[in-house]
1. Please determine, by comparing only the residues of segment 128-156 that are away from the ligand (no atom under 12 Å from the Cβ) and of a type in the set (Gly, Ala, Ser), which one is surrounded by the most Cβ atoms within 10 Å (Cβ to Cβ).
2. Are any residues in segment 229-288 under 20 Å from GLU183 (Cβ atoms), of a type in the set (Gly, Ala, Ser) and away from the ligand (no atom under 12 Å from the Cβ), and if so, which ones?
3. Tell me, please, whether a residue that is within 16 Å of the ligand (Cβ to nearest atom), under 30 Å from ASP131 (Cα atoms) and at pLDDT below 95 can be found in segment 210-222.
4. Enumerate the pairs (first residue in segment 402-415 and touching a residue at least 40 places away in the same chain (Cβ under 8 Å); second residue anywhere and among the charged types (D, E, K, R)) with beta-carbon separation below 6 Å, excluding pairs fewer than 6 apart on the same chain, so at least 6 apart or on different chains.
5. Under 24 Å from MET100 (Cα atoms), buried (at least 20 other Cβ atoms within 10 Å of the Cβ) and touching a Cys at 6+ places or on another chain (Cβ under 7 Å): does that describe THR125?
6. Based on this model, can you work out whether LEU272 counts as in the same structural domain as ALA225 (by TED's automatic domain parsing), surrounded by fewer than 22 Cβ atoms within 10 Å (Cβ to Cβ) and either closer than 19 Å to SER213 by Cβ or of a type outside the set (Ser, Thr, Tyr) (or both)?
7. So which residues in segment 361-380 are more than 21 Å from the chain's Cα centre (by Cα) and either within 13 Å of the ligand (Cβ to nearest atom) or not in a strand (DSSP E or B) (or both), if there are any at all?
8. Can you find even one residue in segment 330-343 that is farther than 30 Å from GLU104 by Cα, away from the ligand (no atom under 16 Å from the Cβ), touching a strand residue (DSSP E or B) at 6+ places or on another chain (Cβ under 9 Å) and not in a strand (DSSP E or B)?
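The values are calculated or read from the model by the stated rules, or taken from the named source; none is laboratory data. Predicted model, so just to flag it, every value in this text is computed and none were measured. Glycine also receives a Cβ, built like all others from the backbone with ideal geometry; neighbour counts cover every protein chain displayed.
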Amino acid sequence: MSPSVPSSLAAEDRPNGAVPLRPSSEGNHVLRRETLALDGGLVIDPATKAIAPNISMSVNNILTPGDGAFSAEGVTDLTALPFLYARWTNPTVRQLEQRMAALEGAGDALATATGVAAIAATFLTFLKKGDHLIVSDVCYAGANELARRILPDYGIEVTAVNMSRLGELAAAFRPNTRLVHCESPCNPILRLTDLAKVATLAHRHGALVSVDSTLATPVATRPLALGVDLVIHSLTKFINGHGDALGGIVCGCKDLVEKIRSRAGVYLGATLSAQNAWLVMRGIDTLFPRLRTVSASALRIARFLGDHPRVRSVTYPGLETHPQHDLAKRQMDVFGGLLTFQTENPQMMAVRLASKLRVAHYAFSLGHQRSIVVLLDTAEMMHSTYRLEGAQLADYRAFAGDGVFRLSVGLESVDDLVADLDQALSA
Ligand SMILES: Cc1ncc(COP(=O)(O)O)c(C=O)c1O
C-alpha cells in the first residue's frame, strides 16, 4: 500500500509528488468557478490514480530527514512541514480549504468543526480586551448571542447596528473599532447588506469586515471581490447540502487566515474532522447545480405563496417586492434557496404545517437537499436572542411581522412542493 494521501493545490502542501488533476487555467482561458467547485484543490493520488479524494484519517504524520524539519543541528523548524498533527492541519481538510479558497477567490481558508466555530475563531483572533466590535443587529442567532452576551465578559465592547442603515453604521464607529461583522442575506429575515458600502466605511475607520455568507453561498455572491476582508460559511448548510455533516470555514487573504489559524485555529481546538471535510467536498461537487435548482424553485414557490389566500406576505430577494431587490440584483447572481412567509395565527399554522406537510418537513436548519420549514416567532426571537427595541425592532418587524415561516427549499419537484404547501396551508 502506498502511504501517499496527497490532497492540495498549493505546491508547498503537496507531499509525495502528487500532481493537480488539471492546472487552474489553460493558456488564457481561466477556469470558471463551476469547474473550480469540482477540481479546485483536487489532486490525484499518484499511487492509485483514484479520481475521488482520499480521506486521510491519520492524526499525525511521520517526520523524516530531508522533509524540511531536520538540519545538521537536528530538528529545526516543525512549522516548515505541510502536515504534522491534525489539529493544525490535515491533508483532506487542507484540500477542502483550498477548494473553498478557489471558489471565494481567497488567498487561503481555515476550516472549522462548525460555522459558529469559524465565527468565534474570527472574533477571538481580531478582538481583544478594550476593542470594539460592530455586529449586525440581526444575524444568525448563535453569532449574535456570542457577540452581545459573551464577548462583553472578556472586556470587548459591542454595538449592534442595522447594517442596511449606513448612516447608523457610520455613527457607530469608535477609535477602537476593529471589526464589523455582518450577514447578507441575514438569517432569519432575509434583509440584505450592501457589502461594498460597508467595506468602504469600515476601511475608512481602519476596521476589518467579516461577512457570514452562508445564505448566499459563493454561487450567489463573492464578498471578497466587493472589498470584504473575511468570508465565513456554515458548511453545514448549502455548501455540504445534504444535512449530514457539520462544518465551518473562514476565507480571506493569506495573512489574515494565517493569523486566525495560528491563534484560534490552534487554541480554540474546533478542528474539522477529515470525514466531514470529505463529505463537504462531495457536497461542493454539486453546489452550483443545486443552488441554481433551489433558487429557481424558491422563486416559483415565492410567487405561488404571494397569491395564496392563507399567506399575508412573502419575502424573497428575487421578488420585485423585496425592499432591497435592486441591491439583490447587483450583489447576487442567484437569489438562493431561502424564503420567508407570514400567515394569520402563526402558532396554529405551525401546528398545521407540522402535521399536514407530506413533502416538506417541519424542522430547524436549512440548506439541505430536503425542504424544511419552521416558524420563527418574533416575540420568541426577541426574548431568546435579539432583544431589539424602538427603531431596530420596527425594522425587524417590517420584514418579519409577528413571526416568519422560514422555508429552505430543497431538491424535490417544485410541482410537488407547491401542491404540498397548498394542501397543508389550506387544510
Ligand atoms: C447564517 C448562519 N451562520 C452560521 C450558522 C452556524 O452554523 P453551524 O450550525 O454550522 O455552527 C448558521 C446555522 O444555522 C447559520 O444559519
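1. So the residue we want is ALA147.
2. GLY241, GLY252, ALA264
3. No, because not a single residue in segment 210-222 is within 16 Å of the ligand (Cβ to nearest atom), under 30 Å from ASP131 (Cα atoms) and at pLDDT below 95.
4. Note: pairs meeting the criteria are GLY403/ASP377; GLY410/ARG370; VAL414/ARG300.
5. Considered against the rule, which asks whether it is under 24 Å from MET100 (Cα atoms), buried (at least 20 other Cβ atoms within 10 Å of the Cβ) and touching a Cys at 6+ places or on another chain (Cβ under 7 Å), THR125 comes out as no.
6. So LEU272 fails the test.
7. Result: THR378, ALA379, GLU380.
8. Taking every residue of segment 330-343 in turn, none turns out to be farther than 30 Å from GLU104 by Cα, away from the ligand (no atom under 16 Å from the Cβ), touching a strand residue (DSSP E or B) at 6+ places or on another chain (Cβ under 9 Å) and not in a strand (DSSP E or B).
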